[in-house]
Amino acid sequence: MEIKRLFADEGAVSPVIGVILMVAVTVILSAVIGTFALGLGTTQDTAPQSTWGTDYSSGGSSDTLTLSHESGDPMEADRLSVVITGSDSNDDRYSLSTFGVTGEVSAGTEVKVDSGGVGSDLDLSAATVRLVWEDEDTDDQADSATLLVWEGPDA
């Protein structure tokens, strides 16, 4: 008769199930919080793959550097910027609209980096020019990729 009573006694089942549920809830909450803390819950666009060519001409008081999108992924012009360092201007960043390029940039598009866009004489002979793509979902420059680096003849 003791065996029937042993199987019928469910007094210890409720606390055991309660502990198991508490552990499960703790593990799930830890996983969710850890995912957001490590940044795994956010998405980031990948930089487009593209090939760019350059053509430099020096003349008079201003230089011109033409950046040509030769092949690869199309991209939006507002996500691209030209960064010029080591020239008359110190580490200046210009959007492509500064040089008259808007909309989609695809194979065949040319960007003329010259004094007309910058607004002053531009000496690129000792400058480094970078074409930078930026992720649109963030203002952090760490989420960017350099698509092209050009160095002037005296750099």
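Readers should treat all values here as calculations from the given coordinates under stated rules, not as data from a laboratory. Everything numeric in this text was worked out from a predicted model, so none of it was measured. Neighbour counts run over all protein chains shown; Cβ positions are idealised from the backbone, glycine included.
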Taking amide hydrogens as modeled 1.01 Å from N in the peptide plane, which residues meet the under 5 Å criterion relative to GLU76, leaving out close sequence neighbours?
VAL105
Please give the FRET efficiency for ASP78 paired with ASP154, using the beta carbon to beta carbon distance and R0 = 30 Å, rounded to the nearest 0.05.
0.40
